[in-house]
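Working notes, structure below.
Taken together, the values in this text are just the output of simple stated rules run on the coordinates, not laboratory data. Everything numeric in this text was worked out from a predicted model, so none of it was measured. All Cβ positions, even for glycine, are placed from backbone atoms using ideal geometry, and neighbour counts span all protein chains on display.
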Amino acid sequence: MKTLKDKLREKIEEARPRTKRLIKEFGDVVVDKVTIAQVFGGMRGLKCLVTDISYLDPMEGIRYRGYTLKEVFEKLPKIEGNDMPYVEGAFYLLLTGEIPTKEEVCLLVDEFRKRRILPRYLYDIIDSFPQDSHPMTIFSAAILTLHRESFFTRKYNAGISKMDYWEPTYEDTLNLLAKLPEIASYIYAKLYRGGNRIISDPNLDMAGNFAHMMGKESPYDDVSRLHFIIHADHESGNISAHTGHLVASSLSDIYQSISAMINGLAGPLHGLANQEVLRWLLSMKDKMGDNLPSENEMKQFVWDTLNSGQVIPGYGHAVLRKTDPRYALQREFSLKHMANDDLFKYVDLLYKVVPPILQEHGKAKNPWPNVDAQSGVIQWHYGVKEYDFYTVLFGIGRSIGITANLIWDRALGYSLERPKSLTTDMLEKIANASK
Ligand code: HAX
């Protein structure tokens, strides 16, 4: 059986001539135009990035390597008795475009197990943070600290050929992904469990071991698999993916790039929205007392939030124009496992109430829920009530897709990112000339 690395090497050899031909023979072909609104508006919709790992259709949602999420969950190998597939299998799929066999996944699970141990100094670094630090800050710093372990940086300093950059990047990726659950669960233990750490179980897969280190029973292992897989990738233009790609484009290594992307994910308009949703739901619950609010009471609360100039967390999206399939999958899970949960009932009522209000409000281009509207309540239900921690979970998942992208960035020799900026004077001249 071929190892993942051997399979990847073959895929890279096949892909290289396609990229080379496009640049060499068609380099001048126009792909898109840029408007003044896009220059000021965060380059929204501008077609200027490339990835083969996932594609986000505004109406359909994300596809990983051509597969809808539903297909991904159906096709990837599972541990017997579990509903959700191995997270390692999702990484295999994102990296190669192939659905792995169970044997292939088990080989990768074994690779992850061998690489999961954290160096002693990392525990000291995490311990040294003040108790009121945000877990995302500690997470980012811990990942960055591992830069000293970078195989890529060592190879680069020794003078490796450009064509081989992907290999040490692949090694760094496996080393980092295997360690993320250990880092995250130790941050959780430090901040919320008085430093009482649960030692990892080498017999378990990545998500199963994470659930174990969090001190959670089944089905929290499946909750973790679901969570990590749906958050893995959302094409290249979102803030975390783009930050990872941008930083890596200067040949910063995996640790520096993933630490940077974690900081982008930590913003309330991006990954932190899952924590914001919980905070918002709890403030509503606080106001309503023990009773489930009526539809009218909930409508009023939503309007009060909007009228105070805040956004409704968990709703809207820069690309999507319908209910996020990642929301739908989590809803399906919640209906099966926790339909009577109080907060889930809030979330479900909001699904009915918010979209027409956002439509009436008239600003958001997408009135439908995104992934973050639903993920926190599942964590809450299974006893992870420290909602500051939720974006760390998102960060573990998102690292899987971004590292897969960065390996391919290196393999295909993608360039340093360097767009051009203009002054307002220059844009006014362009605007006047267009009259
Ligand atoms: N509530 C209230 N107003 C909203 C809104 C919401 N949920 N979503 C968008 N709007 C507003 C915007 O603030 C903007 O207002 P201004 O014109 O006054 O600036 C207007 O509608 C147009 O915005 P848009 O084009 O529809 O959306 P953007 O591409 O600018 O922003 C966001 C996309 C996701 C940031 C936005 O919808 C938002 O702030 N949502 C709430 C926060 C959230 O859930 N973020 C997580 C998104 C998913 C994700 O990345 N997860 O990691």
Query raised in the report: Taking the Cα atoms of segment 112-261, what is the range of coordinates along each of the three principal axes, in descending order and whole Å?
Result: 47, 32, 31
Report summary line: FRET efficiency (MET43, GLU80; Cβ distance; R0 45 Å; to 0.05) is 0.45
Report summary line: Extend 7 Å from the Cα of THR424 along its Cα-to-C-beta direction; within segment 33-68, residues with backbone N under 14 Å of that point are 40
Requested in this report: For LYS363, list the aspartates and glutamates whose Cα falls under 16 Å from its own Cα; do not include residues on the same chain fewer than 8 positions away.
Outcome: ASP304
Report summary line: Simple SL model, points at 7 angstrom along Cα→Cβ for TRP303 and ALA158; separation in nm is 6.8
Requested in this report: Place a label point 7 angstrom from the Cα of LYS33 along the Cα-to-Cβ direction, then list the residues of segment 412-435 whose backbone nitrogen is under 18 Å away.
Outcome: 427-435
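Roughly how big is segment 283-435's charge dipole about its Cα centre, with Cβ charges of +1 (Lys, Arg) and -1 (Asp, Glu), in debye to the nearest 20? Mind dumping the intermediate values first?
On the way: 19 positive and 18 negative charges, 140 e Å.
My answer is approximately 680 debye.
With a ≥ b ≥ c the root eigenvalues of the C-alpha gyration tensor of segment 207-359, is it rounded (a/c under 1.5), prolate (a/b larger than b/c) or oblate?
Values: a/c = 2.20, a/b = 1.40, b/c = 1.57.
Oblate, since a/c reaches 1.5 and b/c is not below a/b.
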**Report entry** Under the Karplus curve 6.51 cos²θ - 1.76 cosθ + 1.60, θ = phi - 60°, whole-Hz ³J(HN,Hα) for segment 301-315, x wherever Gly or Pro sits
**Finding:** 5, 5, 5, 4, 4, 5, 5, 8, x, 9, 8, 8, x, x, 10
Query raised in the report: Percent relative contact order of the chain, based on C-alpha pairs within less than 8 angstrom and at least six residues apart?
Result: 21
Requested in this report: With a/c under 1.5 counting as rounded, go ahead and sort the chain into rounded, prolate or oblate using the C-alpha gyration tensor (a ≥ b ≥ c being the square roots of the eigenvalues; past the cut-off, prolate if a/b is larger than b/c, else oblate).
Outcome: oblate
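Would you calculate a helix-derived [θ] at 222 nm for the chain, using -39,500 (n - 2.57) for each DSSP H run of n ≥ 4 and dividing by the full residue count, to the nearest 500?
On the way: 20 runs with 257 residues, N = 435.
Here the helix-only value at 222 nm equals -18500 deg cm²/dmol.
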Report summary line: Under Stokes-Einstein, segment 278-389 at 4 °C and 1.567 mPa s, with its Kirkwood radius over C-alpha pairs, diffuses with a coefficient in µm²/s of 91
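Set the bar at 29 Å for Cα to Cα. Now go through LYS352/LYS385; LYS179/LYS322; LYS33/LYS162; LYS11/LYS33; LYS47/LYS352; LYS75/LYS385 and name every pair that lies beyond it. Numbers along the way, then the final one.
Details: LYS352/LYS385 25 Å; LYS179/LYS322 35 Å; LYS33/LYS162 32 Å; LYS11/LYS33 32 Å; LYS47/LYS352 34 Å; LYS75/LYS385 32 Å.
Going by Cα-Cα distance, LYS179/LYS322; LYS33/LYS162; LYS11/LYS33; LYS47/LYS352; LYS75/LYS385 fall outside the 29 Å limit.
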Report summary line: Pseudo-spin-label distance LYS70 to ALA15, built 7 Å along Cα→Cβ, given in nm, is 2.8
**Report entry** Cα gyration tensor, segment 360-425 - rounded (a/c under 1.5), prolate or oblate
**Finding:** oblate
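Taking 8 Å as the Cα distance limit and 6 or more residues as the minimum spacing, I'd like the relative contact order of segment 258-342 as a percentage. Present the calculation step by step, with values, prior to reporting the outcome.
Details: 21 pairs, mean separation 21.2, N = 85.
For segment 258-342, the relative contact order is 25 percent.
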